Structure formats: C-alpha cells, structure tokens
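The values are calculated or read from the model by the stated rules, or taken from the named source; none is laboratory data. None of these values were measured; they are calculated from a predicted model. With ideal geometry, Cβ positions are generated from the backbone for all residues, glycine too; neighbour counts draw on all protein chains shown. Note: areas computed on protein heavy atoms with side chains; ligands, DNA, RNA excluded. Shrake-Rupley method; radii C 1.70, N 1.55, O 1.52, S 1.80 Å.
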Amino acid sequence: MTLGELARRLECPVEGDSGIEIHRVAKIETAGPGDLTFLANPKYAAALASTKASAVIAGADVEGAPCAVIRSASPYLTFARAAQALSPERPPEPGVHPLAWVSAEAVVDPTASIGPFAAIGAGVRIGARTIVHPHVAIGADSVIGADCLIHANVSIRERCTLGARVIVQNGAVIGSDGYGFAQRPDGSHEKIPQTAPVVIEDDVEIGANTTIDRPAVGETRIKAGTKIDNLVQIAHGVVLGRHVLLAAQVGIAGSTVIGDHVTFGGQVGVGGHLTIGDRVKAVGQSGITNSVAADGFVSGYPAIPNHEWRRSSAVFRKLPEMRRQLRDLTARLQKIEETDK
Amino acid sequence: MTLGELARRLECPVEGDSGIEIHRVAKIETAGPGDLTFLANPKYAAALASTKASAVIAGADVEGAPCAVIRSASPYLTFARAAQALSPERPPEPGVHPLAWVSAEAVVDPTASIGPFAAIGAGVRIGARTIVHPHVAIGADSVIGADCLIHANVSIRERCTLGARVIVQNGAVIGSDGYGFAQRPDGSHEKIPQTAPVVIEDDVEIGANTTIDRPAVGETRIKAGTKIDNLVQIAHGVVLGRHVLLAAQVGIAGSTVIGDHVTFGGQVGVGGHLTIGDRVKAVGQSGITNSVAADGFVSGYPAIPNHEWRRSSAVFRKLPEMRRQLRDLTARLQKIEETDK
Amino acid sequence: MTLGELARRLECPVEGDSGIEIHRVAKIETAGPGDLTFLANPKYAAALASTKASAVIAGADVEGAPCAVIRSASPYLTFARAAQALSPERPPEPGVHPLAWVSAEAVVDPTASIGPFAAIGAGVRIGARTIVHPHVAIGADSVIGADCLIHANVSIRERCTLGARVIVQNGAVIGSDGYGFAQRPDGSHEKIPQTAPVVIEDDVEIGANTTIDRPAVGETRIKAGTKIDNLVQIAHGVVLGRHVLLAAQVGIAGSTVIGDHVTFGGQVGVGGHLTIGDRVKAVGQSGITNSVAADGFVSGYPAIPNHEWRRSSAVFRKLPEMRRQLRDLTARLQKIEETDK
C-alpha cells in the first residue's frame, strides 16, 4: 500500500513522498525501509532523528523527522488504525470444516468459519462471519454473535451469550461453574449448582486462559467494550461495566459490581459483594477489600487512596530508623525526667 | 415440580400453598413468580418483604415473607439441595462418541459418556456414569472413578488417579510436570523428570484452568472433599488435606503439606516445604513464608496472625503523621536539652 | 538396570554392591528396596540412617549410609541424571495419527509424532523427533524445532518460532494477542493488531496454562535455557534472558527486558517498560515498579532491596507499640514543657 493510500484511509495529511510503499508497522528504534512507525510517548522523541522508518505518525508539533510524516492529533489511535489496515491476517474460508463436530440442532451462519475439531453443541447459534478455531467447545444453547473471533482451545459452556465482535483468546473459559458450596454440619460441602448464564456484550475482548464463571442465580455480565487481559479470574455473579480495562492476573470475587471505565493494573484482587464506582483506578497488586466510590484511585493492601499509600510506602523504608529514633528519644527523655526530679 | 414435592425431597416443612409450581432458584431481589429464593445472610433481610418469589427458604425465626416459606435450620444448605433438585442439566447419552479416540487398550464403563474429540490413552480406565466432554486428553494408565464430570479442554496426564464424583472444570491440568531442575556448573539447568503420579480423592472439585503438577518422587495428593477454585497452582509433591477450600489464583509451592479444613482467600501464596495445620485460615493475598500451627488465622506478607496484621495495617496509614510527630518531638526535646545545659 | 550400570552412565563411583537392581528414584523417607534416593539438602541428613533405599547419591563427606552409595560432587544434579536414566517415558510412535489434521502445506519431519486431534496449519514446519500431543493447535507458518515436546491442549499461534528441545506443558498459550488498545475520544478502545511473532529459543520449558503474548511490533523473545513455571503471564514485547527461572503465577508487563540468570519467586509482578539486570532475584509476591540493576535482590511492594525490606517488615509488627510509645513520649514531653514554663 502506498503511504498516500494509507493516509487517505486514516483521514490524515501526509508530509513528504506519499508514493512510497508501506509494508508494516514497526518500533521507532528498529524500523527500516517500508516500515511505518509512530511517536506517541515523548520518551521516544530522541529516537526520531535516527529512525530508519519510511514514515512516522506524529502530532502537529513534532519536528525533525528524517522521513515522511502522517500528521495526527491522536498518533497512538492513528497507529492502531494503520496497523489494522496493514494487518496480514486473512480470515479462514467460510463453512464448517469436515473434521468439526456440529450438532444437527445447531445453527451456524453460512458465512461463519468453523475449524477442525471444533465441537458445537445442540441449540447453539453462531452469527455471520464469526470464526471458530480448532478445539473450541461451545456448550448447548449458547449464542455467539456476528463477527466474533474465538481462538483455539477456548471453552464456552452451555447457555452463554456473546454479542457481536467479541474476541476470545486461546484457552479462555466462559461459563465454568462458580465456586459455590454450602457447608454441611460435618464440615464437608454440598455443591450449589451453577446453572445461570454468562453474558458477554459487544466488542469485549477476553485474554488467554482467563476464566469467567457462571453463577447459581442471576447472571455474570461483561458489558460492551470491556477488555480483559490474560489469566484473569471473574467469579460468579460479577458485573463488569462498559469499557473496563483489567490487566493480567486480576481476580474479582463473587457478586462484585464494577462500574464503567474502571482500570485495574496486573494482579489486583477485589473482594466479593463490593461495588466499585465508575472510573476507579487501582495500581497493580492492590487488594481491594471495601467498596470504592466513583473516580477513586487506590493502592496497597488493604487498598487505600493512592496518595496516602504512596506517602506511607515511602515512610515504610524508614521504619528501622524511626524505631531507633524512638528509642533514642525515650532514653533522652528519661534522662531529663531523672534530672528534673 | 410443586413446592410440596420439592419440600418433601428437602425434608423441610412448608408454610403456605404447597401446590404452586417452582421452576428455578433465583436471587431475592430479582426473583419472580415460579422462583424459589432463600434468606441466609441477614444483610438481605430487608429485601424479603418486597420479593416477588413464589417461595423462600428461611430459618425458623424469619417473619414477614410475602410468599410461601420452606423452613430450614440451614437455609443455605437447603438452597443448595433445592438448586440441585431444580437443576436443568441432562447428562449426555452414555457411550463413546464416534468422533472420540479411545485406545484399544483403554477400558471405558458402558455407562460412561465420552464426547467428540476426547483422546483416551492406553491403559486408561473410566468408571461408571463418568462424563468426559470434548477435547479432554487422558494420558496412558490414568484411572478415573465413577460419577466424575470432566469438562471440555481438560488435560489429565499419564498415571494419575481420580476418585469418585470428582468434578474438573474446563481447561484444568492434572499431572503436568513439576518445576524441578538441577543447576549445572555453567548456570544452565538439567530437567529432573517428573514421573510420579497425582492422586485426586473422592468428591474433589478442581476449578477452570487450575494446574496440579506431578512430582519426581512420591506423589501430589488432593484429599477427599477439597474444593479448588480457578487458576490455582498446586506444585509438585503438595498434599492438600480433606475439605480444604482454596479460592481463585492461590499458589502452593512444592512439597508443602496442608491440613484438613484449611481455607485460603484468593491470590494467597504459600512457600515450599511448609506445614499448614488443620483449620488454618488466610485472608486473600497473604504470603505464607513459614509453617502455621493448627487453627491459625493469618494475613499479610510475610503472613502474621490476623489480629496483629490488622492493627499494624491500621497504623500503616498513620506513618507520615508518626514521622512528623517524631521530628516534632526531637526538636522539642533538643530545645529542652539546650535550655537545661 | 544395575547400580553399577547406572553409576557408569552417571560417571560416578559406587561404594557397596554394584550388582543390585535399581528400578526408580524415591524420597529418602519413603524409599524401599530397588529405589535410589539422594541426599542434597542437609535438612534430610538425619533420615539417611533409617532409609530403606537400595542406594543413595551423596557427597564425599556423607557417612553412615545403610545402603550402597553413589558418590557425587553435585548430588542433586546427579539425581536429575539418574532420574532421566530411570524414567519410564516411552515416546509415542513416529508419524501423523490418522485423526490429526495436518494442512497439505505443512511440513512434518517423518520422525516427528503428531497425536490425534492435533491441528497443524498451513506453512507450519515441525522438526525431527518432536512430539505433538492431542488437541495441540499450531497456527499458520509457525516453526517448531527438533526434539520438542508439546503437551495436550497447547495453543501455538501463527508465525511463532520454537527452537530445539523446547517443552511446553499442557494448556500453555504461545502467541496470543498482546493487550494493546488505543483509547478513542469517547473512552472506548481501538484494538492494535498484534501480529509480530513470539520466538522461543532452545531448551526453554514453559509451564501449564502459562500465556506468552505476541506484540504489535518487534517480537516477544524467551532466550535459551529459560524455565517458566505454570500460570505465568509474559506480556507482549517482553524479552526474557538466558537461563531465567520464573516460578508460578509471575506476571511480566509489556516491553520489559529481563537479563540472564534472573530468578523470581511465585506471584511476582513486574511493571512494563522496565529493565531487570542479570542475576536479579526477587522473592515471591514482590511487586517490581522500577528497573533493577544487575545482581539486585529485591522484595516487597514497591520492591526495595531485600535486606531493607526484611528490616522494615520486622518493624511493621511493632507499629502499634511504636504508636503507643509516641503518644507516651508526647505526653511526658508536654508535662516537662509545662513544668519548665
């Protein structure tokens, strides 16, 4: 694709030779001829002068590029769209692979693609242009919307619903039984059947080997536009709001309700039956044990407001010194008290 | 099912119209006609008056239900049993699906059900009424007991044993190689073959994408009635006692021995070669670096007794203030010392 | 195998009857006749006198063994090699199982073994003696070296490269899409296609259900000899050095570069865009938020030098006492100040 053609698609102006061919996107430090790079983070500004890229996506105020420039008010967003335009993915052929197993009672749109060894249960419906890769198991009566991409080795259990344009990375599990047991008098446990559905709304992405449990009653719901990274645990009855970002290895305990535009760093843990307001942020490894009001920014375990936690953490390193000071003060004070007697 | 019929099965008395039809269990706030709900947590008592459920399971002292009542001394346990009775699950047909691969040297009980694309190795034995879902791989010489439920995409490696009524959620791995390497003089590592078995006793449940490693010597053992949530790591040579509860994302390092009725919150980490006594509890995200005696209740990292940790954590937020106080005291004391000279 | 034959293979001298038969390796406490055990950790020295093993691997200075002895300067390393020699694993037959699906455009070495229901995409190359177990999905144009072992239910996505002798435990995912999104002005997110490869060098081992993401640009690389435990998250663009050891449930955020011989305990989290020097160690559950210079040893969250963290952690338990002391000192000082007036 020529740079000019790409820029037209991106609806951005070009400075320089718009006739050059662009083959792929690349990092600013390692890009070469035919590569398009971008400058979104000022940390990398110094690398611009020496980039070997054929073109760079940059903001209006960026100067000194040794190559063609695509000007954008949002260079990172424009880069995302450029990468999509240059993406080498070719969708597999539509149709059901002869080595797939599709129940006679399932309905697969003729434009969908079902890979070898996929297992599609009775009553399942699969929407237009959706791609189901090998070894995906879809349980009875689940409904998968249009334009979804379900990677290999994913399990989607019975009676779950996925909206349109949902992407599920490899090995993820949707609809596994929630962890629900009632204790018997002898200390053993009775299983509470977890039969209610998981609902995944449009434009959600679910990371590799992430697990999303179904509840006994009600539903587990992931609202539109939310993006979940790898190895995340979403327990039964959780509701995740719209456009939530959960980094890898986050765990959300049962029945917790998370607002819209919430952002959690990696390995954050959230207790059960809590309410997390819209736009709350938590840094990686935080342990949230209480509900957090909208716009909160928390850290630590138990999680407290980030600015408090930062101050206390800084003092944590001084604890041995503080202890010595306390001892010293006590001794000096005692001396004065004895003198004063 | 009528409420009367259900109550007879639960061996509980009914108050109200026992002829009404009950279709499913539901949450007290969202239940409607035909739904059975329950009141086990006093937090939800206020919701009772306005529930639209047709019936509620409640303790002897609960009053004011606007619907029929099933009386129970253990409402949550009775709810579990009611949910089982109302559960919509129909087991798949017995027999081996024509698209499964079963070694000629495997023995599958005729009442067991083996799904499409299951792969059952040589020497495997599968017990009565056990259900093996699609894409389950069972390695050579493993033995699966009766009435087990093995969900899609589970891996059970060679020479492992599962007792009766074991449930394995999707994507779980039983018998992967333990993490065992001996360092060579040049800093590289020699693999120690991990060939000893994993033994899972009766009535264990294993969560989605949980991993249970096999050791080089001895065995890894999960004792009867233990329930493990999703994404949990059980390292090689670990022994989990009876009726242990491990919440999601817990990790237990190698050769650690965990007693009976132990309960760990989510994301707890336990070091290797430790002994955790019966009935020990640890709150979520605790990091247990030393053995804990029976009945201990620990928190924090390194984990300490919970009541100590709670007190210290409360003071943690005051650290900046304490540091200011220390500076202030030092200055005031110095002034006195100078005056006294 | 006789003890003498085994010792010759291990290139170690024997003391005692070298004609006895050795069948397997075992723990020092539970070994019996026909078993070979080892003594590498002085903690187990007391168990030597009462072991029922037929032979023990021990250092030159170990005395009092009630059985034959294989002398070794590195007993644990010799044990690893003995366990390999005694390992009961028999490789599956070479060839492609009739129930596998291999693209006509893939090239599988005739000595490789492809199990039932493996799915091998177009352009894939698989090296000599490599074993691919059931339900493994290998995406288009990926290259797997010689002597690899890919366990059941593993996903290897398109255009990834594995070197020689790579072992991938069950359920691991190599090449899932990195977590990369650009925010649109309305707060929703545009996916940045993650199309660059993951490269796994020779002699790497990857644990069960571990996930290794592909980046948008550049590559994710795991260098030779590195061993990764279960449920580990390696984000897009990460570079892991040679002979790195990552315990279970570690998470490394995007674009971080980890040096050679680095060792992380379980559940460690590392932020993105950091540089971790050679031979850095971090204890379990550490949260590394800044780059660490070579040979650093860190703990805590935020991670600080281990010796500092240990001292501060010890004082943490004294915080309530310190707060009382502060109050007491303040009161006493006030009294003196009032008296002095």
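Laid out as a table, the results:
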{"read-out": "Verdict on B:ALA224 being part of a loop (DSSP other than H, G, I, E, B), buried (at least 24 other Cβ atoms within 10 Å of the Cβ) and within 14 Å of chain A (Cβ to nearest Cβ)", "value": "no"}
{"read-out": "Pairs with Cβ under 8 Å, 6+ apart, first in segment B:298-320 and farther than 23 Å from C:VAL268 by Cβ and in contact (Cβ under 8 Å) with a residue 24 or more places away in the chain, second part of a helix (DSSP H, G or I) and acidic (Asp, Glu)", "value": "none"}
{"read-out": "Failed criterion for B:TYR44 (all others in (1) in contact with a Leu (Cβ under 6 Å, 6 or more places away or on another chain); (2) open to solvent by 50 Å² or more (accessible area, probe 1.4 Å) hold)", "value": "(1)"}
{"read-out": "One residue from C:ILE304, C:ILE288 being open to solvent by less than 30 Å² (accessible area, probe 1.4 Å), out of contact with any Asp or Glu (no Cβ under 7 Å at 6 or more places or on another chain) and either more than 9 Å from chain A (Cβ to nearest Cβ) or basic (Lys, Arg) (or both)", "value": "C:ILE288"}
{"read-out": "Looking only at segment B:248-271, and only at residues there that are among the aliphatic types (A, V, I, L, M) and either closer than 19 Å to B:ILE200 by Cα or surrounded by fewer than 20 Cβ atoms within 10 Å (Cβ to Cβ) (or both), the one that is farthest from the other protein chains (Cβ to nearest Cβ)", "value": "B:ILE258"}
{"read-out": "Scan of segment A:311-341 for residues that are within 10 Å of chain B (Cβ to nearest Cβ) and under 41 Å from the mean Cα position of the chain (by Cα), ordered by number", "value": "A:ARG311, A:SER312, A:SER313, A:ALA314, A:VAL315, A:PHE316, A:LYS318, A:LEU319"}
{"read-out": "Any hit, segment C:72-83, residues being surrounded by fewer than 18 Cβ atoms within 10 Å (Cβ to Cβ) and assigned by TED's automatic domain parsing to the domain that holds C:ASN41", "value": "yes"}
{"read-out": "Residue selected from segment A:89-98 under the condition within 14 Å of chain C (Cβ to nearest Cβ) and open to solvent by 70 Å² or more (accessible area, probe 1.4 Å), by the criterion nearest to the chain's Cα centre (by Cα)", "value": "A:GLU89"}
{"read-out": "Matching option when the condition is surrounded by fewer than 21 Cβ atoms within 10 Å (Cβ to Cβ) and at the interface with another protein chain (Cβ under 8 Å from one of its Cβ atoms), among A:LEU245, A:LEU274", "value": "A:LEU245"}
{"read-out": "Yes/no for A:GLY207 being free of Cβ contacts under 8 Å to residues at least 60 places away in the same chain and within 14 Å of chain C (Cβ to nearest Cβ)", "value": "yes"}
{"read-out": "Count of residues meeting criterion [over 27 Å from the mean Cα position of the chain (by Cα), among the acidic types (Asp, Glu) and closer than 24 Å to C:HIS236 by Cα] in segment A:27-82", "value": "1"}
{"read-out": "Per-region count, segment A:210-221, residues within 8 Å of another protein chain (Cβ to nearest Cβ) and either surrounded by fewer than 21 Cβ atoms within 10 Å (Cβ to Cβ) or of a type in the set (Asp, Glu) (or both)", "value": "2"}
{"read-out": "Entirely in segment A:1-84, the strands (runs of 3 or more DSSP E) that have 2 or more residues that are more than 13 Å from every other protein chain (Cβ to nearest Cβ) and small (Gly, Ala, Ser)", "value": "A:55-58"}
{"read-out": "Segment A:139-158, subset over 27 Å from B:ARG90 (Cα atoms) and over 18 Å from the mean Cα position of the chain (by Cα), residue farthest from the other protein chains (Cβ to nearest Cβ)", "value": "A:ALA146"}
{"read-out": "Subset of segment B:323-341 that is open to solvent by 70 Å² or more (accessible area, probe 1.4 Å) and either touching a strand residue (DSSP E or B) at 6+ places or on another chain (Cβ under 7 Å) or assigned to a helix (DSSP H, G or I) (or both) - its residue that is nearest to C:ALA331 (Cα to Cα)", "value": "B:ASP328"}
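Here's the yes/no breakdown for (1) open to solvent by 30 Å² or more (accessible area, probe 1.4 Å); (2) in a loop (DSSP other than H, G, I, E, B):
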{"residue": "A:PRO116", "(1), (2)": "no, yes"}
{"residue": "A:GLY123", "(1), (2)": "no, yes"}
{"residue": "A:HIS135", "(1), (2)": "no, yes"}
{"residue": "A:ASP141", "(1), (2)": "yes, yes"}
{"residue": "A:ASP147", "(1), (2)": "yes, yes"}
{"residue": "A:ALA152", "(1), (2)": "no, yes"}
{"residue": "A:ARG165", "(1), (2)": "yes, yes"}
{"residue": "A:GLY175", "(1), (2)": "no, no"}
{"residue": "A:PRO185", "(1), (2)": "yes, yes"}
